[in-house]
Amino acid sequence: MAFPGIDFPGVGCGLIIQRADGKVLLYRRVKPPEAGHWNIVGGKVDQMEHSSDAARREAEEETGLSIGAVDFLCTIEAIVEADRQHWISMIYVARAFSGEPQLTEPDKLSEMGWFDLSDLPQPLSVFAQQAFAAFTGNSPA
């Protein structure tokens, strides 16, 4: 059996969830790629699933929120040498949502929080670094 991201480049999605006060929701990853890093919510795009639908689905599964409209932001490519993983991900933004975020998948995500864009937690995943660079109009470091 071949695994996306490990045996061949995987197709993923991510969602920046932003509150009205400008803060963004981040979770700390438990598993590779980038275990222990803070990341936006997201995951693998399933066969015959549009990436925007996958971003909404993954976000709802991981946060317990009900996600409204999502807007396309960018496509990123993350090669995580330490974990030997390679992902190409479509990144979206959601500002319309309801509910309170929860840790619904503690086997995958250990902590969560709302953070100001000027004070993001560290270490920040490659995925999140690239997504926020596009979101804020800054080049990634």
Counting only strands (runs of 3 or more DSSP E) entirely within region 25-94, those with at least 1 residues that are touching a residue at least 60 places away in the same chain (Cβ under 8 Å), hydroxyl-bearing (Ser, Thr, Tyr) and farther than 21 Å from residue 7 by Cα are 85-94
Of 82, 35, 54, which residue is at pLDDT below 95 and either closer than 20 Å to residue 123 by Cα or crowded, with 21+ Cβ neighbours inside 10 Å (or both)? 82
With the condition kept exactly as written, say whether any residue in region 108-128 is out of contact with any strand residue (DSSP E or B) (no Cβ under 9 Å at 6 or more places or on another chain) and either under 17 Å from residue 10 (Cα atoms) or among the polar types (S, T, N, Q) (or both). yes
Go through (1) surrounded by 21 or more Cβ atoms within 10 Å (Cβ to Cβ); (2) at pLDDT 95 or above for residue 127 and report which single condition fails. (2)
Could you check residue 19 against (1) crowded, with 17+ Cβ neighbours inside 10 Å; (2) under 17 Å from residue 95 (Cα atoms); (3) not polar (S, T, N, Q) and say which number it fails? (1)
Checked region 47-81 for anything farther than 16 Å from residue 96 by Cβ, of a type in the set (Ser, Thr, Tyr) and touching a Phe, Trp or Tyr at 6+ places or on another chain (Cβ under 9 Å); matches are 51
Does residue 128 count as touching a residue at least 24 places away in the same chain (Cβ under 8 Å), of a type in the set (A, V, I, L, M) and in contact with a Phe, Trp or Tyr (Cβ under 7 Å, 6 or more places away or on another chain)? yes
In region 1-24, what count of residues is obtained for those that are more than 18 Å from residue 123 (Cα to Cα) and assigned to a strand (DSSP E or B)? 9
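The values are calculated or read from the model by the stated rules, or taken from the named source; none is laboratory data. None of these values were measured; they are calculated from a predicted model. Cβ: placed from backbone, ideal geometry, glycine included. Neighbour counts: every protein chain shown.
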